[in-house]
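I have placed the structure first, in the form of structure tokens, so that the comments after it can refer back to it.
Values in this text are rule-based calculations from the coordinates and carry no lab data. Keep in mind that this is a model prediction, so the values were computed, not measured. Every residue, glycine as well, gets a Cβ built from its backbone with ideal geometry; the counts of neighbours run over all protein chains shown.
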Amino acid sequence: MSTVKPKGRMVSRLLVVAFSMVTGFLINWFTGRYPTPFAKIEIDVVGFGAPLTYAHLVIPSGFLSYDWFNFILDLVFWTVMIYLIINLVSWINSGLAPRYILKP
């Protein structure tokens, strides 16, 4: 006995994943524009990106270097967070959440 998901539900899931990826990228890009308060690297180096620092700017020379591994991890982090938030909100709004969550 096989269960087949309705086509509309699969499209809906793909839209949520696509929205999560785009929003994760935008948050990643936005956090990379400002110096991060989380990392103390060196006196002459400023880190960009949060929660992982993926861009380093050397102050005297103006040299900007990227750590692509941290960039991808940061992007995955923000994508997963947005996906979980969307699913949590839709779960609460669907009425399937336990009563103590729905009505405090």
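Remark: the range 15-22, residue by residue, has Karplus-estimated 3J(HN,Hα) of 5, 5, 5, 5, 4, 5, 5, 5 Hz, where x stands for each Gly or Pro and the curve is 6.51 cos²θ - 1.76 cosθ + 1.60 at θ = phi - 60°. Counting only other residues whose beta carbon sits under 11 Å from that of L52, what net charge do I get with K and R as +1, D and E as -1? Residues close to L52 contribute a combined charge of -2. For the range 49-59, 3J(HN,Hα) computed residue by residue from phi via the Karplus equation (6.51, -1.76, 1.60; θ = phi - 60°) reads x, 8, x, 9, 7, 10, 10, 10, 10, 8, 4 Hz, glycine and proline entered as x.
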